[in-house]
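These notes concern the structure reproduced below.
The values are calculated or read from the model by the stated rules, or taken from the named source; none is laboratory data. Note that this is a predicted model, so its numbers are computed, not measured. Virtual Cβ from ideal backbone geometry, glycine too; neighbours counted across all protein chains shown.
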Amino acid sequence: MFVALYLASGLTDLLDGKIARRFHFESDFGSKLDTWADMALFIAAIASVFIAKLEIDVLKCLIPFSIAIYHKCLNVMIGRVRFGTWNMLHTLLSKNIGAAVYFCVPAFILLGEINFFVILVISLFGIVVYIEETVTLLKLDEFNVNHKGYLTLKVMNKLKRAKAS
């Protein structure tokens, strides 16, 4: 039952932004609500692992998760100081890391175990994502919640130039 509800919540999270953009219902409030709903889903995902009583070496997982969460909080504070918003960026890389975390939780629950290597890889990728967010926040002139990410755009532009030549 949990896995079905969890998957449904992720699907609605994926669709709400697309629907809002398609029908021009985007708003600052909706963007902030989506950000905080994403954070609530992430916290629920972590809590569900403990509720499912899966064996987990908390200390091993705490370090990479703490570093990733520290960077996310730092980026929220940079956004607040630079742009006066409590919002978070939804870069392409952050969407990918969110999807990875999202799909790991039901997989771990259905398998009945947590793979530390997967947690470590996702956490390390998360650190890269949040560093890109920091660079993007520091380079932006005005806040754009859906900015693709500074480093991602640089790579995409290099790939386009290479393909064109």
Conditions (1) in contact with a His (Cβ under 7 Å, 6 or more places away or on another chain); (2) more than 18 Å from P64 (Cα to Cα); number of the one not met by K158: (1)
Just to verify a result, which residue in segment 26-72, among those that are loosely packed, with under 11 Cβ neighbours inside 10 Å and modelled with pLDDT of 80 or more, is nearest to S123 (Cα to Cα)? F29
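Yes or no: G79 more than 14 Å from F65 (Cα to Cα) and either assigned to a helix (DSSP H, G or I) or basic (K, R) (or both)?
Details: more than 14 Å from F65 (Cα to Cα): yes; either assigned to a helix (DSSP H, G or I) or basic (K, R) (or both): yes.
Answer is yes for this residue.
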Is there a residue in segment 150-161 that is within 25 Å of S9 (Cβ to Cβ) and either over 13 Å from the mean Cα position of the chain (by Cα) or assigned to a helix (DSSP H, G or I) (or both)? no
Considering segment 123-148, residues that are part of a helix (DSSP H, G or I) and buried (at least 19 other Cβ atoms within 10 Å of the Cβ), and then whichever is modelled with the lowest pLDDT, we arrive at S123
